[in-house]
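Worksheet: the structure to be examined is printed underneath.
The values are calculated or read from the model by the stated rules, or taken from the named source; none is laboratory data. Just so it is clear, the model here is predicted, and its values are computed rather than measured. When we count neighbours, we look across all protein chains shown, and the Cβ atoms used for this are built from the backbone with ideal geometry, even at glycine. What goes into the accessible areas is simple: the full protein's heavy atoms, side chains included, and nothing from ligands, DNA or RNA. Shrake-Rupley method; radii C 1.70, N 1.55, O 1.52, S 1.80 Å.
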Amino acid sequence: DAGVTQSPTHLIKTRGQHVTLRCSPISGHKSVSWYQQVLGQGPQFIFQYYEKEERGRGNFPDRFSARQFPNYSSELNVNALLLGDSALYLCASSSRQGGSYEQYFGPGTRLTVT
Amino acid sequence: AQKVTQAQTEISVVEKEDVTLDCVYETRDTTYYLFWYKQPPSGELVFLIRRNSFDEQNEISGRYSWNFQKSTSSFNFTITASQVVDSAVYFCALSVRGNTGKLIFGQGTTLQVKP
């Protein structure tokens, strides 16, 4: 079975631009979470979606938004990009929502903002 | 508030040595879950283990073992007879019971295993 997939792999954007990152969960998984990992740090939670509804939001500005589609894939959108948004963006899927379920991560999208 | 601390930033060992990665967590919740993930240079986080707060039994999986002690709020990870392929960044993470699966990660420990 395919694991979590993310696209694109790498992305270079300019300050002020907008970016959309995409994630497809493991088949059968209904929960998708997004994390931001700045170089040298642990991942930071951005959003969790389950059954197409937002179930959790981390401490990120409103420039960050996301949605989940009927096939459970997800998009993360970031508006008005700042240099500080440069990071590895990780998507994780799990079979259900809730803290007890393992989350399986994709390879990430490396975003560079210049 | 919840917090995970991995005090060891970098560890370097020679192949076949045993190595222990430390993890200390903080939470006021009585039901919580602890995880270890491995992040090789490719960047993808690989799930290694999950432990719930009611199960303090140590676990062994091949060369990997985990020691969970609620009394010291620690969930340490030992690799026995380390190999070069074990070189990676290792993250300890915490989640609590609730509607979200938010994982709170430590800063990570970079393990370098030299041949």
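Key figures
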| quantity | calculated |
| --- | --- |
| The stretch B:35-64: GluC sites (Glu not before Pro) in DSSP coil with no more than 14 other Cβ atoms inside 10 Å | B:Glu56 |
| The protein assembly as shown - convex hull of alpha carbons, volume per residue in Å³ | 125 Å³ |
| Charged-residue dipole, Cβ positions (Lys, Arg, Asp, Glu), the stretch B:6-115 about Cα centre, Debye nearest 20 | 280 debye |
| Average partner coverage of A:45-57, which counts Cβ from other chains inside 10 Å | 2 |
| Local electrostatic count at B:Leu21 - Lys and Arg +1, Asp and Glu -1, tallied over other residues with Cβ under 15 Å | -3 |
| Neighbouring partner chain Cβ atoms per residue of B:39-51, average, 10 Å criterion | 4 |
| Proximal lysines relative to A:Lys52, as straight alpha-carbon distance under 23 Å, when same-chain residues fewer than 8 apart are discounted | A:Lys30, B:Lys102 |
| Packing-based ranking, highest mean first, of A:85-92, A:64-71 given that Cβ atoms within 10 Å are counted | A:85-92, A:64-71 |
| Protein accessible area in chain B, 1.4 Å probe - carbon and sulfur % | 46 percent |
| Low-density loop positions, GluC sites (Glu not before Pro), the stretch A:1-110 - DSSP coil, at most 12 other Cβ in 10 Å | A:Glu51 |
| Cα centroid separation - the stretch A:8-63 against the stretch B:71-115, whole Å | 22 Å |
| Qualifying aspartates and glutamates (Cα of each under 20 Å from Cα of B:Lys70; at least 8 residues distant if same chain) | B:Asp22, B:Glu26, B:Asp29, B:Asp55, B:Glu56, B:Glu59 |
| Label point at B:Asp18 placed 7 Å out along Cα→Cβ; residues across the stretch B:39-60 whose backbone nitrogen lies under 19 Å | B:57-60 |
| Summed residue charge, Cβ within 14 Å of A:Leu21's Cβ, Lys/Arg positive, Asp/Glu negative | +3 |
| Charge sum, other residues only, whose C-beta stays under 15 Å from A:Leu11's C-beta, Lys/Arg counted +1 and Asp/Glu -1 | +2 |
| Positive-pole candidate from A:Ala2, A:Tyr49, A:Gly108, dipole of chain A, charges at beta carbon | A:Gly108 |
| Dipole of the stretch A:1-107 [Lys/Arg +1, Asp/Glu -1 at C-beta], most positive-end residue of A:Leu90, A:Asn59, A:Asn71 | A:Asn59 |
| Point-charge dipole on Cβ atoms (K/R +1, D/E -1) for chain A, about Cα centre, debye to 20 | 200 debye |
| Rg/Rg_ref, chain A, where Rg_ref = 2.2 N^0.38 Å and atoms are Cα | 0.99 |
| Candidate lysines - alpha carbon under 26 Å from B:Lys16, same-chain residues fewer than 8 apart omitted | B:Lys38, B:Lys114 |
| Projected label distance in nm at B:Gln57 and A:Lys13, using a 7 Å step from Cα toward the beta-carbon | 4.7 nm |
